[in-house]
Number of protein chains: 2
Amino acid sequence: MSDDGPVVVTGGAGAIGHLLVARLLDAGQEVRVIDNLSSGRREHLAKYEANPKFRLIVADLRAPEAYREQFRGASAVWHLAANPDIRLGTADPAVDLELGTMATFRVLEAARTLDVRRVRFSSSSVVYGYPSVFPTPESYGPLLPQSQYGAAKLASEALVSAYAHSYGLEGHVFRFANIIGPHMTHGVLYDFFEKLRKEPDRLEVLGDGNQAKSYLRTEEVLDAMLLAADRAHDPVNVFNLGTADRLSVREIAHKVVAAHGGRARIEYTGGATGWTGDIPQQLLAVDRIRALGWTAKRTSVEAVDLTIAEMVRGRGG
Amino acid sequence: MSDDGPVVVTGGAGAIGHLLVARLLDAGQEVRVIDNLSSGRREHLAKYEANPKFRLIVADLRAPEAYREQFRGASAVWHLAANPDIRLGTADPAVDLELGTMATFRVLEAARTLDVRRVRFSSSSVVYGYPSVFPTPESYGPLLPQSQYGAAKLASEALVSAYAHSYGLEGHVFRFANIIGPHMTHGVLYDFFEKLRKEPDRLEVLGDGNQAKSYLRTEEVLDAMLLAADRAHDPVNVFNLGTADRLSVREIAHKVVAAHGGRARIEYTGGATGWTGDIPQQLLAVDRIRALGWTAKRTSVEAVDLTIAEMVRGRGG
């Protein structure tokens, strides 16, 4: 671990964030979480509240006066907080501007002005828009995101890069495939289980079901992020994080229905794209992170099977 | 000309903007200029003030209530307004966030909510950061801008793309080389003449003088933009606009000194990069715009020579 002081984690109460917090505390680091608990949950962090190395600051990134002092003396910030709902951003374009781009700007300003030298940012494969090359390498261009969420991720990457080059920070940018695991509040598995809970006999699938993406488990994406933070030290370090295979929405629908008792009929709304802003095909080239020694332990199929099993057992809620 | 209604031009009083306004009026279009006159000049547009097809709204893009109604009934917006001073953005990171990213967002929101279907945006080669490929194609990645100005340009491109794909607008993104011509308020030629005006015997050059870039005349970049707006109709149309050659800062310094009487001695501050945020080497691949039928009439050398001659005659001020 290259960080020799406290670290700040934005979005540290979220599905990915709280597992990062666990890793950092396990490694002996002092952790300061900033989360507005809009989609993150205080319960995820309850077991650390007595830990003297842990601190939770309930604050919104749009109001820096509420959290700025937490950056003082920190050696790094993991900036994971974001609006997790792509479709909400399409309905109201201000959401991702404020919770994405502006929030990243405020985090970077806190880092710059309080001399936090390392910034690690959770970006997304959606910065590629609908690419023409699969698997898509980090060098792919032009970057034409299709959603406000994607625009905010790319704008945030651009800010990380500008801060790194202009003010001497070290930046890490992680472009995530679909990350799945316990406690997710969005995504195809969550949506399918929610639909079946409301209507057990019918599963409506947006699009024609041929959308196919890479699915990576939360614990594995954390392995990759921690490794890259430790080993890669260019001014800006961009890494795709995903599996080498992909799985179709049709296959996932069949798996979820089977796990749910098998009686729901699957209905497709039709069309190649599930919803406005969706990127129907996604597969990332992961040679860069592999060269550092990381590789996904589970395929997309295995990651989806495990996550479905957890959700059926009620551990995914 | 594909626009069948009034067009909005942000930054229409600027060095490039007012020449675009002239072209549009010459083509018979109704033009609504929005400019806060912070770097643009009302004098540039004085000759149109009696033209019933022309309207100047002095307003800041950060305050949409002051200009939003100008989008009503318009068929297109040319969004050229920006902070023109890269170094100012490094000194105060809020400048490009507000005058770049946020301003573009507000322009796009005005377009979306008032049903303006075409957005043309003046971006910059600085979105490439310091590329490893020359000439740099539009497909180059990763995009790692070095300055806040560059980050705001990339963030604005990302917003144009998201709006185009999410709401059905047509977007044009023009990545400019160094644009030179009359009335510039920034850039290497302006800086050199200003320095010699203050201190005629000495010209300080930032860096080692080996920085080398492509220089394109204002009137030629307008030809390219108007052609691309007319002919390219993908959801998002990205075009590099530059010349096929480049010129070093050292050569430019010698040309300026010669034009200024030849007596100033040139002093280099040293280092490959002139200033924080500077991209010392720039040459854009222009195959895409050439395929539409445009090619630069003047080389970078010819463009610089013409502009120096104009500045010496006092027409460049």
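Worth a mention:
- Along the axis of the charge dipole computed for region A:31-142 (Cβ charges of +1 for Lys and Arg, -1 for Asp and Glu, origin at the Cα centre), the listed residues A:V126, A:P52, A:S139 are led at the positive end by A:P52.
- For region B:162-317, the dipole from Cβ point charges (+1 on Lys and Arg, -1 on Asp and Glu) about the Cα centre works out to 320 debye, to the nearest 20.
- Summing +1 for each Lys or Arg and -1 for each Asp or Glu among the other residues whose beta-carbon sits under 14 angstrom from that of A:R106 gives -3.
- Between region A:1-32 and region A:68-128, the Cα center-to-center distance that results, in Å: 16
- In a fully extended conformation the segment linking B:E219 and B:E267 would gain 14.0 nm over its present Cα-Cα distance, using 0.36 nm per residue.
- Debye, to nearest 20: dipole size of the protein assembly as shown, +1 on Lys, Arg Cβ, -1 on Asp, Glu Cβ: 40
- Cα centroid of region A:146-225 to Cα centroid of region A:252-317, whole Å: 12
- Considering only A:G277, A:Q29, A:S156, and ranking their Cα positions along the charge dipole of chain A that arises from unit charges at the beta-carbon of Lys, Arg, Asp and Glu, the one farthest toward the positive end is A:Q29.
- Across region B:1-57, the convex hull enclosing all Cα atoms gives 68 Å³ per residue.
- MRE, 222 nm, helices only [DSSP H, n ≥ 4, -39500 (n - 2.57), over chain B, to nearest 500]: -9500 deg cm²/dmol
- Using equal-weight Cα scatterers in the Debye expression, the normalised intensity of region A:1-124 in log10 at q = 0.13 Å⁻¹ is -0.47.
- For peptide A:102-111, the mean count of partner chain Cβ atoms within 10 Å of a residue's Cβ comes to 2.
- Note: relative contact order over region A:95-213, using C-alpha pairs below 8 Å and six or more positions apart, is 29 percent.
- Kirkwood hydrodynamic radius (C-alpha pairs) into Stokes-Einstein, chain A, 10 °C and 1.306 mPa s, D in µm²/s: 80
- This model, with +1 at the C-beta of Lys and Arg and -1 at the C-beta of Asp and Glu, gives region B:105-183 a dipole about its Cα centre of some 120 debye.
- For region A:122-233, convex hull volume per residue from C-alpha positions, Å³: 134
- Within region A:215-317, chymotrypsin sites (Phe, Trp or Tyr not before Pro) in DSSP loop having at most 15 other beta-carbon neighbours inside 10 Å: A:W275
- Amide H to amide H, with H built 1.01 Å from N, A:E170 comes under 5 Å of A:R118, A:V119, counting only residues 5 or more places away or on other chains.
- Percent of C-alpha pairs per 20 Å bin, the protein assembly as shown, short to long: 19, 49, 27, 5, 0
- Shielding by partners - mean other protein chain Cβ count within 10 Å, residues of B:165-172: 4
A short reminder: the numbers here are calculations on the coordinates, not readings from a lab. In this text the structure is predicted, and so the values were computed from the model without any measurement. All Cβ positions, even for glycine, are placed from backbone atoms using ideal geometry, and neighbour counts span all protein chains on display.
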